[in-house]
Amino acid sequence: MNDIANTDVFECRRCGNCCLHFQPHLEMDEAQSIAKHLSLSLEDFKEIYADKRWPGHRTMLIRHNENGCIFLGRGIDNLSLCTIHDFKPQACRDYQPSFKHRECREGLMF
């Protein structure tokens, strides 16, 4: 095993695999905060960005499109870019790149 595999947590490589495979779960107060940053009402935010398949009334999931999270973009370097990075969901902020995550291991191969 090489040295990088001996460390469990590593710096994000911005592959976007986590944004492709996971849908952040939001409490409504967090959804309200993000909506405010986007200059939207909570109802408009839910209409545009919530996954309609989620039955929750007190929580929501952020919608995905064919590229993963609706907020996933690409920078000029073609690396992943969260378009709401400065106020992204807590679930996203808590995610730590690690060799424990299959998505991270696969992302190291790009």
Placed amide H near Leu81: partners under 5 Å, 5+ positions off or other chain: Gly73, Arg74, Gly75
Within a Gaussian network of the chain (alpha carbon springs, distance under 10 Å), most fluctuating of Gly16, Gly56, Gly68: Gly56
Solvent exposure, largest accessible area first (probe 1.4 Å, DNA, RNA and ligands not counted), of His25, His101: His25, His101
Isolated Cys residues of the chain, judged by Cβ distance under 4.7 Å to other cysteines: Cys12, Cys15, Cys18, Cys82, Cys92, Cys104
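Rounded to the nearest percent, how much of the accessible area of the chain (1.4 Å probe, protein heavy atoms only) is carbon and sulfur?
On the way: 3930 of 7500 Å².
Ligands and nucleic acids excluded, carbon and sulfur give 52 percent.
What whole-number value in Å² describes the accessible area per residue of the chain for a 1.4 Å probe?
Numbers: 7500 Å² over 110 residues.
Per-residue value: 68 Å².
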Debye, to nearest 20: dipole size of the chain, +1 on Lys, Arg Cβ, -1 on Asp, Glu Cβ: 180 debye
Helix 28-37 vs. the chain, principal-axis angle (Cα, 0 to 90°, nearest 10): 90 degrees
Charge-dipole axis of the chain as Lys and Arg at +1 and Asp and Glu at -1 on Cβ define it, positive-most pick from Cys12, Ser33, Leu72: Leu72
Low-density loop positions, chymotrypsin sites (Phe, Trp or Tyr not before Pro), the stretch 7-64 - DSSP coil, at most 15 other Cβ in 10 Å: Phe10
Simple spin-label estimate for Asn65 and Glu27 in nanometres, 7 Å along Cα-Cβ: 3.0 nm
³J(HN,Hα) computed for each position of the stretch 64-81 - Karplus, 6.51 cos²θ - 1.76 cosθ + 1.60, integer Hz, glycine/proline x: 10, 10, 5, 9, x, 4, 4, 9, 7, x, 10, x, 5, 8, 6, 7, 4, 9
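The values are calculated or read from the model by the stated rules, or taken from the named source; none is laboratory data. Predicted model, so just to flag it, every value in this text is computed and none were measured. Using ideal geometry, Cβ is built from the backbone for each residue, glycine included, and neighbour counts are taken over all protein chains shown. The protein model used for the area step is the full one, side chains on, heavy atoms only, and it has no ligands, DNA or RNA in it. Shrake-Rupley method; radii C 1.70, N 1.55, O 1.52, S 1.80 Å.
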